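For reference, the structure discussed in these notes is given below.
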Amino acid sequence: MDVQKPVTRFAPSPTGYMHIGNLRTALYSFLIAKHDGGKFILRIEDTDRERLVDGAVDIIKNTLKITNLRYDEGPDVGGDHGPYVQSERKDIYAEYAKRLVDGGHAYYCFCSKERLEALHSDDDTHGGYDRHCRNLSEEETKKLLASGIPYVIRQKMPLEGTTTYEDAVFGTISVKNEELQDQILMKADGYPTYNFAHVVDDHLMGVTHVVRGSEYLSSTPKYALLYDAFGWQRPVYVHLPLLMGKNADGSVSKLSKRHGSVSFQDLIKDGYLPDAIINYISLLGWSPKNTESEIFSLDDLIKLFTIDGINKSPAVFDFDKLLWFNGEYIHRLSFGDFLDKAMPFVNKDVIPENVNTEKMLSLLHTRISKFSEINDRISLFISLPDYSNDLFINKKNKVDIDLARKIINEATELEDVEVWDNDTIYSKLIAMSEKLGVKSGAVMWCLRIAVSGMAVTPGGATEIMEVLGKKESMRRIMVAAGKLA
Ligand code: GLU
């Protein structure tokens, strides 16, 4: 028997940025299709003409490209079910809306804006529509249509009974039909509503699994009724758990800007790697089976991802955890890749000529968790901060000011070193500690303070000195000698 392969879609509205929750929806939708060798479609839902944002579609396409969520059908790649932009499908919606009207499942509504506004203040209708036009005769409807009065088309909801559907994550969802509004399917401007367009498209595009955020859980009975009205087979519904953010007081609320960067673009700007973001968000609402590992490539995820691993309890976005993942991914990059990705974050204008930028960055490769940390971490190479002599005092290495003075005075002899690299400087410092009869740790400590002016540095004394070059290192050692004198 031919088992049907899943067809899923990602159907964003072009809002101008990619919220991390939307990206998770795209990822899960992609994984559900790809796990079983199915198809993943990109569809742009731009029927809300007032909310259109220039360049928004490019952001969506770019995000999917960077994250490798390749779609088999979509606006730029084509396919058998196009167009894939809803504003280019107006005629299709008009035709299907007409079919519903003819079949008695929808009706024309000519109510004016003023009338509808007045209704909203009327408590009896709970802000909804009072079905004023639901029972217009065919003749009346024809007359009104001919007169050119603007109209919308509304779904004729059943007045009794319940509508039930099975959600693959949340289980059985039922609503009483009396609670369902006669929602608008086609607007007065000739555009369909989301409520209508996505159902028509999902059917015509052969979508088998509708994957989206749980905010649609409660309106899905209305969509299921549309499938029934058309006589179409309902898709499998896969609603994803809410994404929450941690508040300062320990409580959680819907993930939003006040929790930090929540758009993919902002995270990229902040120096997160796409693969790390994808790995982290894959775990926000899904748990793999039979593995303790947390690090997954997209290929791993395709193999592992199954719908029954999706949890229904809300997932909390933890920025510290994302940072940890990102650090892991940065540390695993080859040094060449690390350099390529790090370079754009380096403020090159402020780096003095004496500094070897590549060597400097090599000190950071395993020490940063996101690329935006770079400029902070390299400040010591740009200029020597003003520091207090107390910084030399170190219990562990038994360094007091007198010993520091002795070590730094001795270090002025480094002027004679000809080959200025890490290994040579290191052996000189070891020899120096033997000569002075002190622990090598004490020498390294004092030199580190002298050349960086900081107690915590990326790399030890000799590495920093190599990056700074001989001239600047010696200048800093002389500054220290002067301070300690
Ligand atoms: N355009 C809708 C949104 O961005 C899509 C919802 C759906 O996937 O059905 O929320």
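The values are calculated or read from the model by the stated rules, or taken from the named source; none is laboratory data. Small disclaimer: the values here were computed from a predicted structure and weren't measured. Every residue, glycine as well, gets a Cβ built from its backbone with ideal geometry; the counts of neighbours run over all protein chains shown.
Tabulated values for the structure
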quantity: Some residue of segment 199-215 being more than 24 Å from residue 116 (Cβ to Cβ) and more than 15 Å from the ligand (Cβ to nearest atom); calculated: yes
quantity: Hits in segment 261-287 (condition: part of a loop (DSSP other than H, G, I, E, B) and closer than 22 Å to residue 212 by Cβ); calculated: 262, 283, 284, 285, 287
quantity: Residues that are at pLDDT 95 or above and among the acidic types (Asp, Glu), drawn from segment 333-357; calculated: 337, 340
quantity: Breaking point among (1) in contact (Cβ under 8 Å) with a residue 40 or more places away in the chain; (2) within 30 Å of residue 272 (Cβ to Cβ); (3) among the hydrophobic types (A, V, I, L, M, F, W, C), for residue 384; calculated: (2)
quantity: Entirely in segment 186-252, the strands (runs of 3 or more DSSP E) that have 1 or more residues that are in contact with a His (Cβ under 6 Å, 6 or more places away or on another chain); calculated: 236-240, 243-246
quantity: Residue in segment 31-43 that is within 16 Å of the ligand (Cβ to nearest atom), in a loop (DSSP other than H, G, I, E, B) and under 23 Å from residue 153 (Cβ atoms) present; calculated: yes
quantity: Within segment 14-23, considering residues that are in a helix (DSSP H, G or I) and either touching a strand residue (DSSP E or B) at 6+ places or on another chain (Cβ under 7 Å) or among the aliphatic types (A, V, I, L, M) (or both), the one nearest to the ligand (Cβ to nearest atom); calculated: 21
quantity: Test: residue in segment 80-103 that is under 19 Å from residue 265 (Cβ atoms) and assigned to a helix (DSSP H, G or I); calculated: no
quantity: Filter result for the condition that a residue is more than 23 Å from residue 376 (Cβ to Cβ), modelled with pLDDT under 95 and surrounded by fewer than 18 Cβ atoms within 10 Å (Cβ to Cβ), over 309, 250; calculated: 250
quantity: Test result for residue 90, away from the ligand (no atom under 11 Å from the Cβ) and over 28 Å from residue 187 (Cα atoms); calculated: no
quantity: Any hit, segment 254-264, residues being surrounded by 20 or more Cβ atoms within 10 Å (Cβ to Cβ), under 19 Å from residue 311 (Cβ atoms), at pLDDT 95 or above and in contact with a strand residue (DSSP E or B) (Cβ under 8 Å, 6 or more places away or on another chain); calculated: no
quantity: Which numbered condition residue 49 fails, given (1) more than 15 Å from the ligand (Cβ to nearest atom); (2) closer than 29 Å to residue 184 by Cα; (3) of a type in the set (D, E, K, R); (4) modelled with pLDDT under 95; calculated: (1)
quantity: Search result, residues across segment 1-13 that are buried (at least 16 other Cβ atoms within 10 Å of the Cβ), more than 9 Å from the ligand (Cβ to nearest atom) and part of a loop (DSSP other than H, G, I, E, B); calculated: 6
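The rows are residues; the columns are (1) touching an Asp or Glu at 6+ places or on another chain (Cβ under 8 Å); (2) acidic (Asp, Glu); (3) modelled with pLDDT of 95 or more.
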position: 383; (1), (2), (3): no, no, yes
position: 404; (1), (2), (3): no, no, yes
position: 413; (1), (2), (3): no, yes, yes
position: 419; (1), (2), (3): no, no, yes
position: 422; (1), (2), (3): yes, no, yes
position: 432; (1), (2), (3): yes, no, yes
position: 435; (1), (2), (3): yes, no, yes
position: 473; (1), (2), (3): no, no, yes
